[in-house]
Amino acid sequence: MCIHVHLVKLMVHSIAGVHSPAHSICAKHTSVTKSTLLNSHGMSWDIFFRNASAGAPPGAAYQSPPPLIGSSQGLASVRGLVGAQPNVEKLVEDHLAVQSLIRAYQARGHHVAQLAPLGIVAADLNPKRGFYGLVESDLDKVFRLPKTTFIGGSEGSLPLREIIRRLEMAYCQHIGVEFMFINDMEQCQWIRQKFETPGVMQFSLEEKKTLLARMIRSTRFEEFLQRKWSSEKRFGLEGCESLIPALKTIIDKSSQRGVESVIMGMPHRGRLNVLANVIRKELDQIFCQFDSKLEAADEGSGDVKYHLGMYHKRMNRVSDREITLSLMANPSHLEAVDPVVQGKTKAEQFYCGDNEGKRAMSILIHGDAAFAGQGIVYETFHLSDLPSYTTHGTIHVVVNNQIGFTTDPRMARSSAYPTDVARVVNAPIFHVNADDPEAVVYVCEVAAEWRNTFHKDVVVDLVCYRRNGHNEMDEPMFTQPLMYKQIKKQIGVLQQFAGKLIAEGVVTTQAYEEEVARYDKICEDAYARSKDEKILHIKHWLDSPWPDFFTKEGQPKTMNCPSTGISEEELNHIGNIAASVPEEDFTIHGGLSRILKGRANMVNQRLCDWALGEYMAFGSLLKEGIHVRLSGQDVERGTFSHRHHVLHDQNVDKRICIPMNYVSPDQAPYTVCNSSLSEYGVLGFELGFAMASPNALVLWEAQFGDFHNTAQCIIDQFISSGQAKWVRQNGIVLLLPHGMEGMGPEHSSARPERFLQMCNDDPDVFPVKDFAVRQLYDCNWIAVNCSTPANYFHVLRRQILQPFRKPLIVFTPKSLLRHPEAKSSFDHMLPGTHFMRIIPEDGPAAASPEKVKRIVFCTGKIYYELTRERKNRGMDAAVAVVRVEQLSPFPFDLVKAETERYPNADLVWCQEEHKNQGYYDYVKPRIRTTINRTRPVWYAGRDPAAAPATGNKPTHLAELQRLLDTALDLEAFAGKV
């Protein structure tokens, strides 16, 4: 074998590193080659390998050996190895240089690709091409091609001139491929083959005609809207019209490979076009959205047209298969929808048993500035390969305007490309000039095939421009005068592409004009029909319908909620499961053995603590066929080491046991999964998962309740207002550990005031409807602070048994997890029992209500501190303590009954939180409404403060004592008005 073959392989191994097929080189062969060279050429080859390993180019790495005077044996050895070729150094250097040249195009060809339609290169890249010591006289020399390239097709050797031409065609035209950072040889070779093989990007006449028709629809739709509603915001797609054929190509190719459902998320730019020409929303339904006289027929506030979603099942003409397309509704908060889409996709895969992502997939469309700037993109990428969160590959399409609102890339990001964040998960990135529709379609075909082959994320970067400003009313010349002077000169992509196909003879000018006129007539006819629409039905824009859950009118089938209790036999059975290790020969931790023994003792005593109450709720729902999914940071064990839903064998690595999956032979599956250290992304994911089906209990637990604030966008934009904006019901449960226990400002408060401030019940109106169910139906979400395990058990079961779905916010305890008094009898969980919206006083004060001088209303943990202090002071008969377990919707009726029960008592709201936090501002006006403002409602609690809690334990205890003194001092408010 010639020496250059050995050296090229070695060069690949030592210079190209893990990105080239080093594994194809026989280890023994490589060792012998290197040894021979070292023995033959002495230290010069040692220097070569050292320099090459340090990254030096081949010309610099190789140094001439000293003359082999007196070493005829060594000289003969080398001559034998190289076939007695006269210029060993030149031959070696040239072949290594060609190898390096090929690799340079593969690694950096995208730097000089013609990607920008305007000729504006946003990335700060070095456009110079290096030729590694090769000179013009080498251009006609023939070089053997390494196996790390496919530019030769079936040819094994090519002249250098042709090698460079083919590399330029593969990597430096309208497609720029970033993939050499991927540390998988098979994947790199797969990508090389797709872009290097000569003639690979060929389209038939029919494919070109289809592409032209799609470009016509994309372009003429925007032009039609501009003609009819020139002064309306619509966030049109002008400048990136090729997005429509790009998405349709991805869907077509994925459908051909067996995908049945595609869930999409995107920002507002181009949404109406995607709805019309990808999802195939009726045009008249889109056009009627522009009518200012349209009246809202459905409940809720609705949303602007470019935020709405859609769900549509139709036949895909390319694959002849039925496919379901969902475009998720989302707010103006760019990229917030990313994890929501992933969660819904995961749920669809889960429910249809699609463990490889072959039947359901997601597509995410991004803007360039948001893709680089929003941290949720990074969080979402890092969910992509986690076992309980992977959707087995997402296709990301970036509409790269090369500008934010008014900010150019130099001020908007620190990386060369907006897509660099995708490199963190080794996703290949295909940059493409969006003014070349054929290149766009080919890249999208490759992306769809990549996702189907490797089930990993991939990014398509459509490098385009924005013909108008941020919206149609915005003036971009204020801030980007030079760019927009260029844009005004830019010929539209449809005009360019149509001219190209006409010149090629693919279509005639007449056929093109007829196709344009045909689509224009479709739009005009739909516009005429839209005039008949007088009422806006948001339900037509549902992105996640539950057809078997509601009536045809979208109403609950009943407004009754049955008892949420279960039988004693079932309580015992689930309790015994919770106290056991169902698998044989499974060694658990000694401390856990004591915990399980404690659970067994509680079951024998017919008692539940908080963890066992949760076990009872989950286990009973699983037995009834309801899937339960609990996700969050360290939820498997529980932050406070109370849950232990996943047992770990102490002797066998990675062997686990989940007793909850042993409740019943035909039960629904239980999913409990520790999440990545993310709140924003994971909560969005779980919200999306809960959208897919009403018949699942999906819970997200914050490690501490304070930490939900990094997910505030999901809470504000999706959970609290989702139904009002998009008629989208959702039953997600947020578990937020809360309680002032001297643990400092970041581990104390779940900020209940924020959730209560967003509740939609009117503090000044006493409801006249049914309180138990109808009040729940009318609210935007439910907020509870349970003080007993039984009530926690009931509220979780009520989430599923009530005839509609509402988000549930639970302020969960910390110290009460093990509080000896915070236990519930099985009697409170039997058939006929239910969630108690308030828990009234049941001690001596209740026996003689007329003698009670004060009612202290409270919620959560403070109840136990109040009753302890009351007992110590001997005031059990003088003070009634009433627990408000359901804060929103407020239990007006039950609070009214309590105030009437104690006619001579003054009213105090007691909380452990600071006065400007917690519940006081929420409950005070509502209590006042229940009593027709006839009595004042006094406050006992901490003073207003900026921080949620003190970090000093003595200060914390002093504050607690002061608020207890105030709450139980019967003279505290005497003489005050």
When region 500-530 is examined, which residues are found to be of a type outside the set (Asp, Glu) and closer than 14 Å to residue 208 by Cα? 500, 501, 502, 503, 505, 506, 507, 508, 511, 512
Looking at this structure, is residue 712 part of a helix (DSSP H, G or I), surrounded by fewer than 24 Cβ atoms within 10 Å (Cβ to Cβ) and free of Cβ contacts under 8 Å to residues at least 60 places away in the same chain? yes
Pull out all pairs, ordered by first then second residue, where Cβ-Cβ is under 7 Å, the residues are six or more apart or on different chains, the first lies in region 138-149 and is among the basic types (Lys, Arg), and the second is surrounded by fewer than 21 Cβ atoms within 10 Å (Cβ to Cβ) and assigned to a strand (DSSP E or B). 141/159; 144/157
Which residue pairs have Cβ atoms closer than 9 Å, lie 6 or more positions apart in sequence or on different chains, and pair a first residue in region 104-133 that is within 17 Å of residue 433 (Cα to Cα) with a second residue that is among the aromatic types (Phe, Trp, Tyr) and at pLDDT below 90? 116/465; 117/465; 118/465; 120/465
Unmet criterion (only one of (1) buried (at least 23 other Cβ atoms within 10 Å of the Cβ); (2) over 17 Å from residue 922 (Cβ atoms); (3) hydrophobic (A, V, I, L, M, F, W, C)) for residue 755: (2)
Please go through (1) of a type in the set (Ser, Thr, Tyr); (2) over 29 Å from residue 170 (Cα atoms); (3) crowded, with 23+ Cβ neighbours inside 10 Å for residue 394 and return the number of the only condition it doesn't satisfy. (2)
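Here is a yes/no grid of residues against (1) basic (Lys, Arg); (2) crowded, with 16+ Cβ neighbours inside 10 Å; (3) in a loop (DSSP other than H, G, I, E, B):
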{"site": "506", "(1), (2), (3)": "no, yes, yes"}
{"site": "510", "(1), (2), (3)": "no, no, no"}
{"site": "547", "(1), (2), (3)": "no, no, yes"}
{"site": "558", "(1), (2), (3)": "no, no, yes"}
{"site": "569", "(1), (2), (3)": "no, no, no"}
For residue 230, state whether it is part of a helix (DSSP H, G or I), among the small types (Gly, Ala, Ser), in the same structural domain as residue 277 (by TED's automatic domain parsing) and within 30 Å of residue 303 (Cβ to Cβ). no
Check region 300-308 and report whether any residue there is at pLDDT below 90, surrounded by 24 or more Cβ atoms within 10 Å (Cβ to Cβ) and over 15 Å from the mean Cα position of the chain (by Cα). yes
Condition check: at pLDDT 90 or above, more than 27 Å from residue 463 (Cβ to Cβ) and crowded, with 20+ Cβ neighbours inside 10 Å. Does residue 113 satisfy that? no
Selection from region 866-914 of residues within 17 Å of residue 940 (Cβ to Cβ), acidic (Asp, Glu) and touching a Cys at 6+ places or on another chain (Cβ under 9 Å) yields 912
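Table: residues versus (1) among the acidic types (Asp, Glu); (2) farther than 18 Å from residue 855 by Cβ; (3) surrounded by 13 or more Cβ atoms within 10 Å (Cβ to Cβ); (4) touching a His at 6+ places or on another chain (Cβ under 6 Å).
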residue	(1), (2), (3), (4)
911	no, no, yes, no
929	no, no, yes, no
935	no, no, yes, no
971	yes, no, no, no
974	no, no, no, no
Out of the residues in region 577-604 meeting the condition of being touching a Lys or Arg at 6+ places or on another chain (Cβ under 9 Å) and in a helix (DSSP H, G or I), tell me which one is nearest to residue 670 (Cα to Cα). 578
When region 214-251 is examined, which residues are found to be over 19 Å from residue 434 (Cα atoms) and not hydrophobic (A, V, I, L, M, F, W, C)? 226, 227, 228, 230, 231, 232, 233, 234
Condition first: polar (S, T, N, Q) and under 30 Å from residue 459 (Cβ atoms). Can you find one or more residues in region 128-143 that meet it? no
Kindly establish whether residue 340 is surrounded by 24 or more Cβ atoms within 10 Å (Cβ to Cβ), in contact with a Phe, Trp or Tyr (Cβ under 8 Å, 6 or more places away or on another chain) and more than 19 Å from residue 259 (Cβ to Cβ). yes
Looking at the structure I just gave you, is residue 182 outside the structural domain of residue 317 (by TED's automatic domain parsing) and either aliphatic (A, V, I, L, M) or touching a His at 6+ places or on another chain (Cβ under 8 Å) (or both)? yes
Unmet criterion (only one of (1) assigned to a loop (DSSP other than H, G, I, E, B); (2) over 19 Å from the mean Cα position of the chain (by Cα); (3) within 27 Å of residue 618 (Cβ to Cβ)) for residue 730: (2)
Within the set of pairs 6 or more residues apart or between chains, which connect a residue that is within 15 Å of residue 207 (Cα to Cα) inside region 502-518 to a residue that is of a type in the set (Lys, Arg) with Cβ atoms less than 6 Å apart? 506/208
Of all residues being surrounded by fewer than 19 Cβ atoms within 10 Å (Cβ to Cβ), assigned by TED's automatic domain parsing to the domain that holds residue 729 and under 32 Å from the mean Cα position of the chain (by Cα) in region 774-816, which is modelled with the lowest pLDDT? Just the residue, please. 803
Of the residues 568, 533, 515, only one is within 30 Å of residue 791 (Cα to Cα) and in contact with a Leu (Cβ under 8 Å, 6 or more places away or on another chain); which? 568
Do we find that residue 860 is surrounded by 19 or more Cβ atoms within 10 Å (Cβ to Cβ) and either at pLDDT below 95 or of a type in the set (Gly, Ala, Ser) (or both) in this structure? yes
What's the number of the only condition in (1) among the hydrophobic types (A, V, I, L, M, F, W, C); (2) in a loop (DSSP other than H, G, I, E, B); (3) in contact with a Pro (Cβ under 8 Å, 6 or more places away or on another chain) that residue 180 fails to meet? (3)
For helices (runs of 4 or more DSSP H) lying entirely in region 331-442, having 1 or more residues that are in contact with a helix residue (DSSP H, G or I) (Cβ under 6 Å, 6 or more places away or on another chain) and not small (Gly, Ala, Ser) picks out 337-351, 368-373, 375-381
Between a first residue in region 868-885 that is touching a residue at least 60 places away in the same chain (Cβ under 8 Å) and surrounded by fewer than 16 Cβ atoms within 10 Å (Cβ to Cβ) and a second residue that is of a type outside the set (Asp, Glu) and in a strand (DSSP E or B), which pairs have beta carbons less than 8 Å apart while being 6 or more apart in sequence or on different chains? none
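For (1) in a helix (DSSP H, G or I); (2) modelled with pLDDT of 95 or more; (3) surrounded by 21 or more Cβ atoms within 10 Å (Cβ to Cβ); (4) in contact with a helix residue (DSSP H, G or I) (Cβ under 9 Å, 6 or more places away or on another chain), each residue gets a yes or a no:
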position: 148; (1), (2), (3), (4): no, no, yes, yes
position: 167; (1), (2), (3), (4): yes, yes, no, yes
position: 170; (1), (2), (3), (4): yes, yes, yes, yes
position: 176; (1), (2), (3), (4): no, yes, yes, yes
position: 187; (1), (2), (3), (4): yes, yes, no, yes
position: 199; (1), (2), (3), (4): no, no, no, no
position: 210; (1), (2), (3), (4): yes, yes, no, yes
So residue 323 ticks every box in (1) under 19 Å from the mean Cα position of the chain (by Cα); (2) hydrophobic (A, V, I, L, M, F, W, C); (3) closer than 26 Å to residue 454 by Cβ but one. Which box is left unticked? (1)
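The values are calculated or read from the model by the stated rules, or taken from the named source; none is laboratory data. Remember, predicted model here, so these are calculated numbers, not experimental data. Ideal geometry is used to build each Cβ from the backbone, glycine not excepted, and the neighbour counts take in all protein chains shown.
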